[in-house]
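Quick note: the coordinates plus some simple rules give every number you see, no bench work behind them. Computed from a prediction, not measured in an experiment: that's the story for all the values here. Please note: Cβ atoms are built from the backbone with ideal geometry, for glycine as well, and neighbour counts cover all protein chains shown.
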Amino acid sequence: MNCVYKNPDEAIEARVKDLLSRMTLKEKIGQMTQIERRVATPSAIKDLSMGSILSAGGSAPFENALSSDWADMVDRFQNFALKSRLGIPLIYGIDAVHGNNSIYGATIFPHNVGLGATRDANLVQRIGAATAIEVRASGIHYTFAPCVAVCKDPRWGRCYESYSEDTEVVRKMTSIVTGLQGQPPQGHPRGYPFVAGRNNVIACAKHFVGDGGTDKGVNEGNTIISYEVLERTHMTPYLDCISQGVSTIMASFSSWNGRKLHADHFLLTGILKEKLGFKGFVISDWKGLDQLSHPHGSDYRSCISSAINAGIDMVMVPFRFEQFFNDLTFLVESGEITIARINDAVERILRVKFAAGLFEFPLSDRSLLDTVGCKPHRDLAREAVRKSLVLLKNGKHPSKPLLPLNKNSKRILLAGTHADNLGYQCGGWTKTWYGCSGKITIGTTLLDAVKEAVGVETEVIYDQHPSENTIEHNEFSFAIVAVGEEPYAETPGDNSELVIPLNGADIISSVAEKIPTLVILISGRPLVLEPWLLEKIDALVAAWLPGTEGQGITDVIFGDHDFEGQMPVTWFKSVEHLPIGDGVNSHDPLFPLGFGLTHSRGE
Ligand code: GLC
């Protein structure tokens with residue numbers, strides 16, 4: 001007899017109810033467990049009915065593995081899951097946060113801060129759709145994206161994962177959810193997860209809530225604000241995600257007024273599930289439960305009790321899953337966690353799996369492989385780069401703009417640490433967790449793009465740190481100096497100095513002393529620009545973290561397209577002025593939120 005839960009013609013809620021009624025406590029706990037791929041053994045998957053597996057940042061089958069290698073790995077895990085007693089498919093999750101960024105050859109789009117500069121909801125939706133296809137091509141079903149943090153302090157190591165300091169800009173960019181998951185049909189019940197089909201992925205709005213508002217921008221720190229400000233500033237983007245059918249939401253490592261989000265029943269259950277009506281599942285962050293043991297010193301079992309009772313449904317354990325199983329089993333059998341709470345969590349997880357069609361299509365679709373890094377996706381990324389660039393200065397005098405640059409100049413100098421470094425262009429969460437330097441994947445550096453853009457008669461001289469001799473004795477028409485930040489992620493990215501690293505200011509100063517100079521800043525955030533240095537620069541462009549398609553930069557600086565970007569964040573004059581808030585510390589900024597020049601509009 002074809003039981004209800006296996007019948008795709010049955011309503012999702014009927015399938016959920018039927019399957020839940022057949023599950024043992026052990027199988028229910030298995031579904032609530034997410035483990036890292038390195039501990040995912042066949043027995044763990046099959047015998048424990050494991051709900052989900054993830055790749056931590058950079059955790060690949062092997063170095064430079066291709067999408068087909070990833071699909072082989074995920075399908076292998078999935079086939080073990082389908083051999084479990086009830087054959088419940090697993091969800092494989094990854095941080096595809098600016099394209100399928102762990103996979104070699106994938107299209108790498110600008111990080112969120114650059115997308116926020118575009119203010120273009122349709123563009124970001126298209127990026128979501130392209131990302132989803134490349135993720136599914138690798139066999140993966142689930143991305144821990146979008147990050148809808150509202151970053152209020154650029155000292156935060158995750159500032160570039162935030163679309164903007166302005167809540168309304170972040171709200172617009174949540175259109176990526178319907179790109180990733182597909183557009184729910186008219187009448188789709190609000191709050192319920194939606195995934196259109198095999199070219200879409202399960203999305204995850206993160207990190208709920210207030211991750212971008214911590215004191216001094218300390219990562220995983222404490223957000224000290226009233227509920228009204230929390231709701232108005234940091235929570236409204238989640239309403240937009242929920243109304244678009246977002247399937248999962250990740251709890252934040254941070255605290256709200258001293259209470260860890262992972263243990264905050266009021267916010268996770270009272271607000272998110274009850275008041276906002278979210279019917280997908282809430283997932284913990286990486287070892288998020290372990291953090292609950294400090295400073296109270298409580299043991300792991302009490303951390304589990306706090307988190308599950310607060311409203312966490314799936315736990316990104318991700319390694320010590322045997323202890324998680326034993327402790328959660330004890331807590332349910334002792335009554336400290338009710339079976340009703342377990343059933344609620346498992347219902348939510350099953351609901352997402354049914355909505356995503358995983359029971360019908362559990363394995364990868366290899367016909368998608370030729371979409372990985374394909375020209376239409378790279379052209380889309382190039383469009384995004386183009387639209388993300390913010391022109392901050394053009395000419396030492398408005399009547400003498402430097403841009404657009406002349407493609408047919410006699411000789412030009414390209415200098416700086418970021419002129420020919422694909423890894424720097426992509427930033428964190430690319431190939432590895434923190435990101436890395438050099439030719440890390442397939443893409444076009446600024447140097448490649450400049451050589452491609454200029455006329456055949458134009459001589460391009462590239463020198464990361466040009467000597468005085470090079471600068472003085474070559475009669476350059478102009479110089480382009482690309483400097484900025486090295487890749488970073490999360491707490492290692494926390495930075496209270498925010499100076500241009502790698503002697504960037506010295507390179508700029510020595511070149512701009514003698515040659516008309518355009519500076520291109522490749523960074524996840526504004527950095528300190530001293531007045532004397534800004535004075536020396538002829539033109540300045542903020543390029544954020546553009547990704548693999550460097551031609552998006554030359555498309556604009558050489559005038560094929562005009563600038564459109566607007567500052568997604570405030571550019572402060574000094575770190576002493578941080579955080580530049582609404583009214584508070586409202587020192588006159590160097591460049592205000594929304595600022596952006598165009599070729600024609602020079603001021
Ligand atoms: C990380 C991040 C989260 C990410 C997760 C899985 O610590 O906080 O954004 O999705 O772990 O990599």
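From helices alone, the chain scores -8500 deg cm²/dmol at 222 nm; the rule is -39500 (n - 2.57) for each run of n ≥ 4 DSSP H residues, then divide by the residue total. Dipole magnitude for region 23-370: about 460 debye, using +1 per Lys or Arg Cβ and -1 per Asp or Glu Cβ, origin at the Cα centre.
Helix 321-333 and the longest principal axis of the Cα set of the chain meet at an angle near 50°.
Selection among 185, 73, 87 by position relative to the dipole of the chain gives 87 as farthest towards the positive end (Cβ unit charges, Cα centre). Put simply, the C-alpha atoms of region 23-370 give a gyration tensor, and the ellipsoid matching it has half-axes of 27, 26, 18 Å, longest first.
Axis angle, to the nearest 10 degrees, between helix 67-82 and the longest C-alpha principal axis of the chain: 10 degrees. In the structure displayed, which of 6/287; 152/172; 206/273; 172/273 lie more than 25 Å apart, Cα to Cα? In this structure, 6/287 exceed 25 Å between Cα atoms. Sorted largest first, the spans of the alpha carbon positions of region 389-577 along the three principal axes are 46, 38, 35 Å.
Counting beta carbons within 10 Å around each of 371, 24 and listing the fewest first gives the order 24, 371. Relative to the longest principal Cα axis of the chain, at what angle does helix 121-137 sit, 0 to 90 degrees, rounded to 10? Orientation of helix 121-137: about 60 degrees from the principal axis. Each Cα pair under 8 Å and six or more residues apart adds its separation to the average, and for the chain the resulting relative contact order is 17 percent.
Farthest toward the positive end of the dipole of region 23-370, out of 363, 314, 326, is the Cα of 363, where the dipole comes from beta carbon charges about the Cα centre. Normalised by 2.2 N^0.38 Å, where N counts its residues, the alpha-carbon radius of gyration of region 8-165 equals 1.20. Residue exposure proxy: 172, 407, 353, ordered by other Cβ atoms within 10 angstrom of their Cβ from fewest to most, comes out as 407, 172, 353. Please work out the C-alpha center-to-center distance from region 245-280 to region 224-238 and express it in whole Å. Cα centroid of region 245-280 versus Cα centroid of region 224-238: 12 Å apart.
Across region 49-127, the convex hull enclosing all Cα atoms gives 110 Å³ per residue. For region 338-438, the equivalent ellipsoid derived from the alpha-carbon gyration tensor has semi-axes of 48, 19, 16 Å in decreasing order. When peptides 587-596, 108-117 are ranked by their average number of other Cβ atoms within 10 Å per residue, the highest-first order is 108-117, 587-596. Annotation for residue 408 and residue 59: the two label points, set 7 Å from Cα along the Cα-Cβ direction, are 5.6 nm apart. Can you list, bin by bin at 10 Å, the percent of alpha carbon pairs in the chain, starting at 0? Spelled out per bin, shortest first, that is 4, 18, 27, 24, 15, 8, 3, 1, 0.
As a size descriptor, the averaged projected area of the C-alpha convex hull of region 30-69 was calculated at 3.1 nm².
Here the calculated FRET efficiency for residue 319 and residue 168, from their Cβ-Cβ distance with R0 = 56 Å, stands at 0.90, rounded to the nearest 0.05.
Among bridges DSSP assigns within the chain, what percent are antiparallel (round to 5)? The answer is about 15 percent antiparallel. Rounded to the nearest 20 debye, the dipole magnitude of the chain is 1560 debye, with +1 charges on Lys and Arg beta carbons, -1 on Asp and Glu beta carbons, and the Cα centre as origin.
Ordering 37, 119 by the number of other Cβ atoms within 10 Å of each residue's own Cβ, fewest first, gives 37, 119. I want to check a number: in region 389-577, how many lysine pairs have alpha carbons closer than 18 Å, given a sequence separation of 8 or more or different chains? Within region 389-577, the lysine pair count is 13. For region 116-142 versus region 148-180, the spacing of their alpha-carbon centroids is 15 Å.
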